[in-house]
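For reference, the structure discussed in these notes is given below.
We did not get these values from a lab; they are worked out from the coordinates using the rules stated. Here the structure is a predicted model, which means the values were calculated and not measured. Note: ideal-geometry Cβ built from the backbone for every residue, glycine included; neighbour counts use all protein chains shown.
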Amino acid sequence: MVMANVPRGKYITLLRCGHTAHYDPEPKPGDEVYCRRCGNYTKVKTAHQEYSWHCPVCHTSRPFGADKDAAYAAARRHQRKYHHVVSVRQGYTQVGVVGPEGEQELSVSAERIQWVRQHQGGLRALVDRQIVQGGQSTKDRSKTVT
Ligand SMILES: [Zn+2]
Ligand SMILES: [Zn+2]
């Protein structure tokens, strides 16, 4: 059960009761969480890492919930207006850059990192088994971002 209910947590979560809330760390679908608006416990329906853009020159950032397109559109507007290079993040992970030449999505997508996180236990078990069977080093252990 996730106890934290941080108003500006990094993870936007849709609850079974129909409300949305921010939690950090991110709960998984099916987790039991406390909904402040209901004043009761409910379960997580879906969880998204929130998209946002950040301008390192202005020290500005804006959150866009699960709306990736809106985050990129706003980043493009900021780039055109101030000619700053703006980064787009999903949760804590930078997933794109918007610069003078346009926008570029980074190769390591947050979905991929999320997938790795969700399956980390299984992946670790696989890696461990490879070590036992093949004497392999841990060099191809999946990279995760915290
Ligand atoms: Zn609720
Ligand atoms: Zn700026």
Query raised in the report: Taking the range 31-45 on its own, how many of its residues are in contact (Cβ under 8 Å) with a residue 24 or more places away in the chain and surrounded by 14 or more Cβ atoms within 10 Å (Cβ to Cβ)?
Result: 7
**Report entry** Close pairs (7 angstrom Cβ cut-off, 6 or more residues apart or separate chains): over 13 Å from G102 (Cβ atoms) in the range 68-89, charged (D, E, K, R) and more than 16 Å from ligand 1 (Cβ to nearest atom) anywhere
**Finding:** A74/R62
Report task. Of all residues in the range 13-51, count the ones that are assigned to a loop (DSSP other than H, G, I, E, B), near ligand 1 (Cβ under 10 Å from one of its atoms) and within 20 Å of the chain's Cα centre (by Cα). Result -> 1
Query raised in the report: Do you know which residues across the range 52-85 are in a loop (DSSP other than H, G, I, E, B) and within 11 Å of ligand 2 (Cβ to nearest atom)?
Result: P56, V57, C58, H59, H83, H84, V85
